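The values are calculated or read from the model by the stated rules, or taken from the named source; none is laboratory data. Note that the structure is a prediction, hence the values are computed from the model and not measured. Positions of Cβ are backbone-derived with ideal geometry, glycine not excepted, and every protein chain shown enters the neighbour counts. Note: accessible area is taken over every heavy atom of the protein model, side chains too, but ligands, DNA and RNA are not part of it. Shrake-Rupley method; radii C 1.70, N 1.55, O 1.52, S 1.80 Å.
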Amino acid sequence: MIDLHTHSARSDGTDAPGELVRQAAGAGLTTVALTDHDTTVGWEEAAQAAAEHGVALVRGAELSTRHQGRSVHLLAYLFDPQDAALAEEMRRMRDDRVPRLQRIVEYMAADGFDITWDDVLAQADGPASLGRPHLADALVAKGLAPDRNAVFADWLHNGSRYYEAHYAVGTEEAVRLVRAAGGVPVVAHPFAAKRQRSLDADDVARLVDAGLLGLEADHRDHDDAGRRLARELAAEHDLLVTGSSDFHGDGKTNRLGENTTDPEVLARLESLATGLPVLR
């Protein structure tokens with residue numbers, strides 16, 4: 001069982017990287033990818049836990065990118081974290097999240113919400129890549145909402161009065177950067193229309209021209225039509241087809257291994273990477 005999309009508390013998950021890997025082993029996974037948002041800070045702890053629990057680890061990240069005005073999440077696997085150009089873009093994306101989140105907190109406080117920046121920081125576990133989920137957790141901790149999903153549905157969705165954009169590299173450029181760093185770029189949940197304005201066939205073709213190597217087809221936010229379209233376009237462009245949980249611990253209802261990737265796909269993914277190996 002191979003799950004290629006999970007998040008730890010180093011971004012917007014709720015479990016430390018080592019605990020996430022322990023849970024992956026307990027769930028029967030043989031391979032798990034740690035793909036925190038715009039950061040690699042959890043890799044070392046995850047690697048130690050993977051060796052302890054006998055789970056193969058795919059080191060990766062989920063990059064916050066933008067394509068023609070749309071938010072696109074790009075999974076980057078097995079890239080060299082020392083690559084200067086990619087590391088700089090990831091730093092810019094992480095750093096811009098902080099003032100953006102501070103502005104949202106200010107807007108909500110001005111509207112009467114009992115929330116402060118210290119409340120948000122209290123939700124971060126260690127050197128986390130901060131994001132809206134930390135604000136959502138702070139609002140839940142304050143008793144202002146029952147869970148993250150309710151906060152996003154009511155106050156933090158992209159169309160809300162409190163939404164603030166943040167810096168995001170262009171998706172085509174991100175694809176090129178990941179490839180140059182020896183990594184394998186795969187678009188996460190490309191046809192999840194409920195969470196974002198989804199891509200279309202022309203968008204995928206442009207990303208393929210930039211060097212895209214895969215599409216995440218099996219994801220809980222894809223309906224049958226979305227999964228079918230992902231497979232059709234993957235076949236047309238000879239792309240990897242992955243499946244995964246997008247696990248966030250208690251932050252979402254997604255469960256480890258609820259969608260998985262074929263072992264042959266993982267083998268091909270590893271063969272395409274020149275940055276890092278899978279840790280076994």
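Taking the range 154-173 as the search range and keeping residues that are among the acidic types (Asp, Glu) and not in a loop (DSSP other than H, G, I, E, B), which one is surrounded by the most Cβ atoms within 10 Å (Cβ to Cβ)? In this case the residue turns out to be Glu172.
Examine the range 66-75 for a residue that is among the hydroxyl-bearing types (Ser, Thr, Tyr) and either in contact with a Leu (Cβ under 9 Å, 6 or more places away or on another chain) or at pLDDT 95 or above (or both), and state whether such a residue exists.
Scanning the range 66-75, I find no residue that is among the hydroxyl-bearing types (Ser, Thr, Tyr) and either in contact with a Leu (Cβ under 9 Å, 6 or more places away or on another chain) or at pLDDT 95 or above (or both), so the answer is no.
Candidates Arg94, Arg100: the one that is open to solvent by 70 Å² or more (accessible area, probe 1.4 Å), under 28 Å from Ala138 (Cβ atoms) and assigned to a helix (DSSP H, G or I) is Arg94.
Which condition from (1) among the small types (Gly, Ala, Ser); (2) open to solvent by 10 Å² or more (accessible area, probe 1.4 Å); (3) under 18 Å from Leu212 (Cβ atoms) is the one that Ala76 breaks? All conditions pass for Ala76, except number (2). Count of the range 82-129 residues, restricted to those that are polar (S, T, N, Q), under 27 Å from Pro17 (Cβ atoms) and free of Cβ contacts under 8 Å to residues at least 24 places away in the same chain, is 3.
Of the residues in the range 21-43, at least one is touching a strand residue (DSSP E or B) at 6+ places or on another chain (Cβ under 8 Å), assigned to a helix (DSSP H, G or I) and open to solvent by 10 Å² or more (accessible area, probe 1.4 Å). Scanning the range 231-263 for residues that are of a type in the set (Val, Ile, Thr) and part of a loop (DSSP other than H, G, I, E, B), we see that the one that is surrounded by the most Cβ atoms within 10 Å (Cβ to Cβ) is Thr261. Within the range 174-188, not a single residue is free of Cβ contacts under 8 Å to residues at least 24 places away in the same chain and either touching a Ser or Thr at 6+ places or on another chain (Cβ under 7 Å) or part of a helix (DSSP H, G or I) (or both).
Here Gln82 passes the criteria (1) open to solvent by less than 50 Å² (accessible area, probe 1.4 Å); (2) within 19 Å of Glu270 (Cα to Cα) except the one numbered (1).
Would you call Ala46 without any contact (Cβ under 8 Å) to a residue 40 or more places away in the chain, under 18 Å from the mean Cα position of the chain (by Cα) and not in a helix (DSSP H, G or I)? Answer is no for this residue. Number of residues in the range 200-210 that are open to solvent by less than 10 Å² (accessible area, probe 1.4 Å) and either in a loop (DSSP other than H, G, I, E, B) or of a type in the set (Ser, Thr, Tyr) (or both) equals 0. I need every pair where a residue in the range 1-17 that is acidic (Asp, Glu) has its Cβ under 6 Å from the Cβ of a residue that is assigned to a strand (DSSP E or B), sequence separation at least 6 or different chains. Every condition considered, the pairs that remain are Asp3/Val32. Kindly establish whether Asp218 is at positive phi and modelled with pLDDT of 95 or more. Spelling it out, it is not the case that Asp218 is at positive phi and modelled with pLDDT of 95 or more.
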